[in-house]
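Below: the structure, in C-alpha cells.
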Amino acid sequence: MAWLMLGIVFITPALVFKGFCLLFPTADEPPRWRIKLARRLDRLASRLRREPAAETDPFTALRVQERLGAVADHVRSLEIDVHTFARAERIIASQLAYDQLLAEACQLAGVEVEQHPTGDPAERFREEVELASRGWTW
C-alpha cells in the first residue's frame, strides 16, 4: 500500500507536468492545434476548390478550324458539281468527316455533344450554332 501511495504522489504530478509541457511546441515543430486546423482547412478547401479548366492549345483549335473550313468547302464543291462520279457517296463521306471534326471542335470549345444518329442535320446545325456563339469561324 505504501508503494502505491508513493507512486501516486510522485508519478501523477510527473504525468500532469508532462501533459502540460506537450501543450507548448518546441522550436522545431508547430503547435499540434495548428497542424490539425491546417489539415481540416485543407480538406475543406479541396472540397470547395474547382479543378482548373484545361486550357486549349490555340494551335490545335486553329488546326481544327482550318480542317473544318476545308471539309466544308469540299462538301460545297461536291454539291455544286453534278457530274462527279459517285457524288452521293462522296457527299455522305465528307459530311461524316465534317461531323467528326465538329465533335472535336465542340470538345475543344466546351460544348456538350449529345448522342444522335450518324449524320443528323439538326445536331450538326446545333453544334455549328454553339461553336459560332463561342467565336469559332471556319
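For the chain, the relative contact order comes to 19 percent (Cα pairs under 8 Å, sequence separation of at least 6).
Put in order of Cβ neighbour count within 10 Å, fewest first, the listed residues Trp136, Trp33 become Trp33, Trp136. Residues Cys106, Cys21 in ascending order of nearby Cβ atoms (within 10 Å, fewest first): Cys21, Cys106.
Which one, Met5, Leu37, Ala86, is farthest towards the positive end of the dipole of the chain when Lys and Arg carry +1 and Asp and Glu -1 on their Cβ? My answer, from the dipole projection, is Met5. Computed over neighbours whose Cβ is under 13 Å from that of Glu104, the net charge equals -2, Lys and Arg +1, Asp and Glu -1. From the alpha carbon centroid of the range 96-121 to that of the range 1-67 is 46 Å.
Laboratory data are not the source of any read-out in this text; all were calculated from the coordinates shown. Predicted model only: the values in this text are computed from it and were never measured. Glycine gets a Cβ as well: all are built from the backbone with ideal geometry, and neighbour counts include every protein chain shown.
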